[in-house]
Amino acid sequence: MSGPKSGVAKQLRDEEPRALYLHCYGQALNLAAGDAIKRCKHAKDGLDVAFEVSKLLKFSPKRTAKLEKLKEELALDSPGFRVLCLLAGQFVRLI
């Protein structure tokens with residue numbers, strides 16, 4: 001994208017010499033995090049499990065209803081369960 005000879009930034013600069021190229025640090029961080037997770041077996045396995053759990057919840061209204069019922073029945077003061085419910089809800093919304 002930003003190649004000095006034929007990248008998009010070069011083509012834009014040819015059209016408008018005042019144009020500035022700003023590198024996207026968010027993309028670089030995303031790529032670095034992805035590479036780090038690929039190299040760490042525990043992190044990769046944990047994300048794989050979370051992804052599979054989220055699929056189970058997302059594609060099953062019955063399981064989603066059971067999770068909601070479980071949230072109502074159990075003490076929501078338990079920090080671990082509260083985090084689990086929040087994560088499950090986030091994964092269902094993201095996927």
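The values are calculated or read from the model by the stated rules, or taken from the named source; none is laboratory data. Every value quoted in this text rests on a predicted model; they were computed, and no experiment measured them. Note: ideal-geometry Cβ built from the backbone for every residue, glycine included; neighbour counts use all protein chains shown.
Residue count for segment 1-33, restricted to those that are exposed (fewer than 10 other Cβ atoms within 10 Å of the Cβ), at pLDDT 80 or above and of a type outside the set (K, R): 7.
The rows are residues; the columns are (1) out of contact with any His (no Cβ under 9 Å at 6 or more places or on another chain); (2) farther than 30 Å from R63 by Cα; (3) part of a loop (DSSP other than H, G, I, E, B); (4) not basic (K, R).
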{"residue": "K10", "(1), (2), (3), (4)": "yes, yes, no, no"}
{"residue": "R13", "(1), (2), (3), (4)": "yes, yes, no, no"}
{"residue": "R18", "(1), (2), (3), (4)": "yes, yes, yes, no"}
{"residue": "G26", "(1), (2), (3), (4)": "yes, yes, no, yes"}
{"residue": "L31", "(1), (2), (3), (4)": "yes, yes, no, yes"}
{"residue": "I37", "(1), (2), (3), (4)": "yes, no, no, yes"}
{"residue": "D45", "(1), (2), (3), (4)": "yes, no, no, yes"}
{"residue": "V49", "(1), (2), (3), (4)": "yes, no, no, yes"}
